[in-house]
Amino acid sequence: MNYHIKNIELIFYFGVLFFSVLSCNPKSERSQETSRETTLQVEQVKPPYWWIGFESEELQLLVKSENIQGMDVTANTPGIEIVQVHNADSPNYLFIDLKIHKNVTPGVIELLFSSSDEQSYTLDYELKKRTKLASEYKGFNSEDAIYLITPDRFANANPENDIQPNLQEQKINRNDNYARHGGDIQGITNHLDYIDDMGFTAIWSCPLRTNDMKRGSYHGYAITDHYQVDPRFGTLGEFKTLVKEADKRGIKFIMDQIVNHCGLYHWWMEDLPFDDWLNYQDDFLSGKPTKYSNHRRTVNQDIYASEIDKKEMIDGWFVETMPDLNHKNPFMAKFITQNSIWWIEELGLSGIRQDTYPYADKTFLSNWAGRIMKEYPNFSIVGEEWSYNPLLIGYWQNDTNQKQGYVSNLSSTMDFAMLDNIKKGIYEDEAWDKGLIRIYDGLANDFHYPNPKAIMAMMDNHDMSRIYTELKGDIVQTKMALSTLLMLPRVPQIYYGTEILMQDFENPGDHGLIRTDFPGGWAGDTINAFTGKGLDKDQKDMQNFLKTLLNFRKQSSAIHHGKTIHFAPKDGVYFLFRIHNDDVVFLILNKNQAPISIDLERFEELNLKGKTFKNVISRAEFIWDKTLKVNHKGSYIFSSKLK
């Protein structure tokens, strides 16, 4: 977005100095006799606009214009205070600290820039009215089920935006797993009814901001403009429509953000504001080999960790095309924090999923999350800690009694540990320390988490081999894994295509293959999973299975609010109960191939005798008595409230 600064020459007339009148709001007219205006191009003003009425009255503007360094800045709008003007190391930036007092009204304010050669310029900046109260931004919780989408691979509703002449990657090739395929924002919007009908209550989309990279830009994790929607996905207006249309259906929207790094072709890379804007910036500018992260994420908690290990972990780059951002620079920290708030306010978000959480400076992360939660007390943020160690996962979830005195302000983390336990628990043969006991022991670790129900759990995602592949194409085992996921005291996330058994058998773990196109999202597709056309029997069965479970879960008070009770696995069978008042839901995982009779007297403490239960999938009923016969290996979910 381009801005203009107006050049005002102060004119002496008959020995009397006339000043141009710089207005408040609304702007007053200047006398044409006392000034004449030229324009000076401003390359960047970030944030591009702001809102009044935040808890914090502070705002820092990044203004980029040639040789702007050293200018004085004043404000002529009542209630707007210039607290401090900061020069950057580059002569082409100013960072301006404003205080927006409570009495300021929405509209355009005017800032006056004065240079040492007595030239003056004005900058118009808009302050908007907030569209809803901070308390109305509702986050996600254990009542929700999240549908994760890779937008380039979901649905292409507008082929005309596929190629953008001003961006570097200039091809669409659906036969290339690492090229762009054309999916867009409108494609998600067009299929909100499908997502709603499936029973999902929230969408997490992989990043939609501009990734002007030479190749591999489809995934979205190499941002080159923090304030711009990638035009190959659509427009800001289309993004806002998506969130609003989702909200009409009771579907929340979670934005994928990345504070740790940016893309190599970010607009600031040609003229970095400060000498320490990036980690290892001198090495990068001098052409030295990239210093990569050592990926030793435990340094964030390890009381014995060396300083060099900490530095290599936090400051090292992921890949050479993703410069690592230095959050110890206070201007970078404020830029990133304000950017997150800008998107929440602009779109009306319900949550943020923060990528590569432990790789950024943890003091910054605490301040970043803290500022967001101060402004939006009912909001949700989930951080990606890809660890199978519950100690590390729990460390990041907010707890005022946290050891080491660290307060994260983070509402949710991601439960990779439980993912691993469920997967192994289902495919391993039963033994004293293997098989279903892994699920039982894994869930027992919940004592460590400040709020287990707020943790996001999943069976796969956009960076992992799909669960159907991991379980060797075994549909029964896949259903067992998904049934367990949806019964846990967690916020479940399911990756798009799981419902139709999408897989990566050809090259397990290959990211491009994992992120396969959703059939029916492109004109001319012979298979359409949105309508069911062309799906085989197994795909339709899995789609109906998940649809039934998700829609049941959507209405289940026992799963939303109930206590959890489980019993140690016995004879290849595991029971997990969710109980809320007289609403009882329970899961059976049975690994026996032959029919078995289960002794129900073992569960006497639950006082279920004589209670009628119905199978959520088959609708078959049984009355709880002494025994229950189970004929097949698999998962069974029963409810006392199912109509």
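A short reminder: the numbers here are calculations on the coordinates, not readings from a lab. Keep in mind it's a predicted model, so treat the numbers as computed, not measured. Note that we place each Cβ from the backbone using ideal geometry, even for glycine, and neighbour counts take in every protein chain shown.
Once Lys and Arg get +1 and Asp and Glu get -1 on their Cβ, which of 216, 316, 443 lies farthest toward the positive end of the dipole of the chain?
In the chain, that residue is 443.
Please name which of 467, 277, 206 has its Cα lying farthest along the dipole of the chain towards the positive end, using unit charges on Cβ (Lys, Arg +1; Asp, Glu -1) and the Cα centre as origin.
Positive-end residue among those listed: 467.
Quick check: Cα centre of region 507-577 to Cα centre of region 70-93, how many Å?
Cα centres, region 507-577 to region 70-93: 54 Å.
In whole Å, what are the extents of region 63-205 along the principal axes defined by its C-alpha atoms, from largest to smallest?
62, 42, 25
How large is the charge dipole for region 507-589, taken about the Cα centre, if only the Cβ atoms of Lys, Arg (+1) and Asp, Glu (-1) carry charge, to the nearest 20 debye?
Working: 10 positive and 9 negative charges, 53 e Å.
Dipole about the Cα centre, nearest 20: 260 debye.
Gap in Å between the Cα centre of region 156-179 and the Cα centre of region 226-243?
16 Å
Rounded to two decimals, what is the ratio between the C-alpha radius of gyration of region 251-352 and 2.2 N^0.38 Å?
Working: Rg = 15.5 Å, N = 102, 2.2 N^0.38 = 12.8 Å.
It is 1.21.
Taking only DSSP H segments of four or more residues, each worth -39500 (n - 2.57), what value at 222 nm results for the chain once the sum is divided by all its residues, to the nearest 500 deg cm²/dmol? Before the final figure, lay out the partial values.
Values: 15 runs with 143 residues, N = 643.
Rounded to the nearest 500, it is -6500 deg cm²/dmol.
At a Cα cut-off below 13 Å, give the aspartates and glutamates reachable from residue 537, other chains included and same-chain residues fewer than 8 away excluded.
Answer for residue 537, where 13 Å is the Cα cut-off: 499, listed by chain and number.
List the pairs from 244/547; 129/328; 434/611; 424/563; 128/334; 291/328 whose alpha-carbon separation is above 28 Å, in the order I gave them.
Values: 244/547 23 Å; 129/328 32 Å; 434/611 33 Å; 424/563 25 Å; 128/334 20 Å; 291/328 18 Å.
Distance filter (> 28 Å) returns 129/328; 434/611.
Between 0 and 90 degrees, rounded to the nearest ten: what's the tilt of helix 330-347 against the longest Cα principal axis of the chain?
Taking the Cα atoms of the chain, the angle to 330-347 is about 70 degrees.
Report the FRET efficiency, 1/(1 + (r/R0)^6), for residue 507 and residue 601, where r is their Cβ-Cβ distance and R0 is 41 Å, rounded to 0.05.
On the way: r = 50 Å, r/R0 = 1.22.
E(calc), rounded to 0.05, equals 0.25.
Given the peptides 440-451, 413-424, arrange them by the average over their residues of other C-beta atoms within 10 Å, most packed first.
Working: 440-451: 15.9, 413-424: 23.1.
Descending packing order for the listed peptides: 413-424, 440-451.
Under a point-charge model restricted to the Cβ atoms of Lys and Arg (+1) and Asp and Glu (-1), what is the dipole moment magnitude of region 469-527 relative to its Cα centre, in debye to the nearest 20? Before the final figure, lay out each step's value.
Numbers: 4 positive and 8 negative charges, 63 e Å.
Taking the Cα centre of region 469-527 as origin, the dipole is about 300 debye.
Any chance you could run the full-extension gain for residue 86 through residue 290? It's 0.36 nm times the residue separation minus the Cα-Cα distance, nm to one decimal.
Working: separation 204, 0.36 × 204 = 73.44 nm, distance 3.04 nm.
Once the chain is fully extended between residue 86 and residue 290, it gains 70.4 nm.
Please turn the phi angles of region 417-432 into ³J(HN,Hα) values with the Karplus equation 6.51 cos²θ - 1.76 cosθ + 1.60 (θ = phi - 60°), one per residue in order, whole Hz, x for glycine and proline.
5, 5, 4, 5, 5, 5, 4, 5, x, 8, 8, 6, 5, 5, 8, 4
For the chain, state the semi-axes of the equivalent ellipsoid (square roots of 5 times the eigenvalues of the alpha-carbon gyration tensor), sorted largest first and rounded to whole angstrom.
52, 25, 24
Longer than 27 Å from Cα to Cα, which of 138/171; 102/453; 240/554 are they? Say none if no pair is. Spell out each step's value before the answer.
On the way: 138/171 39 Å; 102/453 37 Å; 240/554 25 Å.
Too far apart for the 27 Å limit: 138/171; 102/453.
Compute the length gained on full extension between residue 158 and residue 275: take 0.36 nm times their separation in residues and subtract their Cα-Cα distance, giving the result in nm to one decimal.
Details: separation 117, 0.36 × 117 = 42.12 nm, distance 4.18 nm.
Length difference between fully extended and current span is 37.9 nm.
Using the alpha-carbon atoms, what tilt in degrees (0 to 90, nearest 10) does helix 236-248 show relative to the longest principal axis of the chain?
40 degrees
Mind listing the long-range amide H neighbours of residue 144? Cut-off is under 5 Å, sequence gap 5 or more, other chains count too, H placed in the peptide plane at 1.01 Å from N.
none
Given R₀ = 51 Å, FRET efficiency for residue 428-residue 623 by Cβ-Cβ distance, to 0.05? Before the final figure, lay out the partial values.
Numbers: r = 34 Å, r/R0 = 0.66.
FRET efficiency, residue 428 to residue 623: 0.90.
Would you please classify the overall shape of region 596-643 from the alpha carbon gyration tensor, given that a ≥ b ≥ c denote the square roots of the eigenvalues, rounded means a/c under 1.5, and beyond that prolate means a/b larger than b/c while oblate covers the rest? It would help to have the intermediate numbers written out before the result.
Values: a/c = 2.07, a/b = 1.12, b/c = 1.84.
Judged from the Cα gyration tensor, region 596-643 comes out oblate (a/c at least 1.5, b/c at or above a/b).
What is the Cα coordinate range of region 307-445 on the first, second and third principal axes, sorted by size from largest, in whole angstrom?
Rounded to whole Å, the extents work out to 55, 38, 32 Å.
Using the Cα centre as the reference, give the magnitude of the dipole from point charges on the C-beta atoms of the chain (Lys, Arg: +1; Asp, Glu: -1; all else neutral), rounded to the nearest 20 debye. Write out the running numbers ahead of the final one.
Working: 69 positive and 88 negative charges, 527 e Å.
With Lys and Arg at +1 and Asp and Glu at -1, about 2540 debye.
Projected onto the charge dipole of the chain (+1 at Lys/Arg Cβ, -1 at Asp/Glu Cβ, origin at the Cα centre), which of 59, 300, 417 gives the Cα projection farthest towards the positive end?
Checking the options against the dipole of the chain, the answer is 417.
Could you derive backbone 3J(HN,Hα) for region 357-373 from the dihedral phi with the Karplus parameters 6.51, -1.76 and 1.60 (θ = phi - 60°), listing whole Hz in sequence and x where the residue is Gly or Pro?
So the Karplus estimates, Gly and Pro as x, are 4, x, 8, 8, 4, 6, 5, 4, 4, 4, 5, 4, 5, x, 5, 5, 5 Hz.
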